[in-house]
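Participant: The structure is given below, and queries will be raised subsequently.
The values are calculated or read from the model by the stated rules, or taken from the named source; none is laboratory data. Everything numeric here is computed off the predicted structure, so don't read it as measured data. Here the Cβ positions follow ideal geometry from the backbone for every residue, glycine too, while neighbour counts run over all protein chains shown.
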Amino acid sequence: MSRVRAHNFSISLDGFATGEGLSLDEPFGHAGHRLHQWMFATRFWGPAGTTGVDNAFAQLFERGIGAEIMGAGKFGPPGWQDDAEWRGWWGPDPPFHTPTYVLTHRPRPPLEMEGGTTFHFLDAPPVDALAVAREAAGDLDVRIGGGPTLLREFLAAGLVDHLHVVQVPILLGRGVRLWDGLEALEEQYDVEAVSTPSGVTHLTFTR
């Protein structure tokens with residue numbers, strides 16, 4: 001059976017994966033892009049980037065993925081469901097290149113984009129959404145794309161086989177935390193930590 005994976009999921013030292021006050025102009029709220037500077041500096045993000053350990057971890061995001069599941073909060077800013085023209089943050093060619101399932105209580109018709117990405121909008125609990133995504137992925141893996149609320153739900157349901165969290169050395173103080181309600185999660189996984197010169201720590205949880 002295909003595995004369920006999450007990659008490049010950045011959190012602050014105090015566990016927040018996004019800030020407070022998300023909007024069209026501030027997709028991560030008051031956190032801005034500080035959680036993702038480590039990735040922006042890598043070759044994975046652009047040809048002038050670094051090729052070290054951070055890049056090696058970042059590149060695993062793409063390998064062997066046949067479908068993605070994301071939450072409504074990742075697909076658009078608060079209220080995007082009221083905008084029939086909203087097509088996501090990523091322009092005409094989103095970086096997923098697979099069937100991508102957006103979990104929302106207000107589904108709409110599928111949205112076919114360039115590069116092989118088609119957004120499907122589902123009102124379904126995690127286990128049912130995963131069944132649909134697995135069927136689309138075939139022998140490939142399913143990626144859980146976030147945001148933190150969605151990933152926390154999949155972790156709480158015991159559905160994630162491989163989790164890559166990047167702990168960034170900043171304090172946000174407010175926003176949406178990943179770990180709330182997941183006490184002793186580490187007991188279900190083999191956990192490894194790798195620190196890099198950029199200051200981040202890559203934590204991998206492998207079932």
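Participant: Which condition breaks for residue 107 when tested against (1) over 18 Å from residue 6 (Cα atoms); (2) part of a helix (DSSP H, G or I)?
Facilitator: The single condition residue 107 does not satisfy is (2).
Participant: Of all residues in the stretch 1-49, count the ones that are polar (S, T, N, Q), closer than 17 Å to residue 62 by Cα and not in a strand (DSSP E or B).
Facilitator: Final tally of qualifying residues: 1.
Participant: What are the residue pairs meeting all of these: first residue in the stretch 102-131, first residue in contact (Cβ under 8 Å) with a residue 40 or more places away in the chain, second residue of a type in the set (Ser, Thr, Tyr) and assigned to a strand (DSSP E or B), Cβ atoms under 7 Å, and 6 or more apart or on different chains?
Facilitator: Close Cβ pairs satisfying both conditions: 119/100; 129/101.
Participant: Considering 138, 146, which residue is on the phi > 0 side of the Ramachandran plot and at pLDDT below 95? Before you say what the answer is, go through the steps one by one.
Facilitator: Values: 138 fails: at pLDDT below 95.
Unique residue meeting the criteria: 146.
Participant: So residue 136 passes all but one of these: (1) within 27 Å of residue 203 (Cβ to Cβ); (2) in contact (Cβ under 8 Å) with a residue 60 or more places away in the chain. Which condition number does it fail?
Facilitator: (1)
Participant: I'd like the full set of residues that are of a type outside the set (Gly, Ala, Ser), surrounded by fewer than 17 Cβ atoms within 10 Å (Cβ to Cβ) and under 20 Å from the mean Cα position of the chain (by Cα), limited to the stretch 44-59.
Facilitator: Residues satisfying the conditions are 45, 53, 59.
Participant: Considering (1) farther than 27 Å from residue 1 by Cα; (2) of a type outside the set (Lys, Arg); (3) in contact (Cβ under 8 Å) with a residue 40 or more places away in the chain, say which one residue 195 fails and leave the rest.
Facilitator: Looking at each condition in turn, residue 195 falls short on (3).
Participant: Out of 115, 88, 158, which single residue is assigned to a loop (DSSP other than H, G, I, E, B), surrounded by fewer than 16 Cβ atoms within 10 Å (Cβ to Cβ) and at pLDDT 95 or above?
Facilitator: 158
Participant: Output the residue which, of all residues in the stretch 70-85 that are under 19 Å from the mean Cα position of the chain (by Cα) and of a type outside the set (Phe, Trp, Tyr), is surrounded by the fewest Cβ atoms within 10 Å (Cβ to Cβ).
Facilitator: Within the stretch 70-85, the match that is surrounded by the fewest Cβ atoms within 10 Å (Cβ to Cβ) is 78.
Participant: Which of the following residues is touching a strand residue (DSSP E or B) at 6+ places or on another chain (Cβ under 9 Å) and more than 25 Å from residue 130 (Cβ to Cβ): 207, 152, 174?
Facilitator: 174
Participant: Out of the stretch 149-205, which residues are among the acidic types (Asp, Glu), more than 12 Å from residue 15 (Cα to Cα) and out of contact with any Lys or Arg (no Cβ under 6 Å at 6 or more places or on another chain)?
Facilitator: Matches in the stretch 149-205: 153, 183, 186, 187, 190, 192.
Participant: Would you point out the residue of the stretch 161-189, among those that are among the hydrophobic types (A, V, I, L, M, F, W, C), touching a Phe, Trp or Tyr at 6+ places or on another chain (Cβ under 6 Å) and part of a strand (DSSP E or B), that is farthest from residue 53 (Cα to Cα)?
Facilitator: 163
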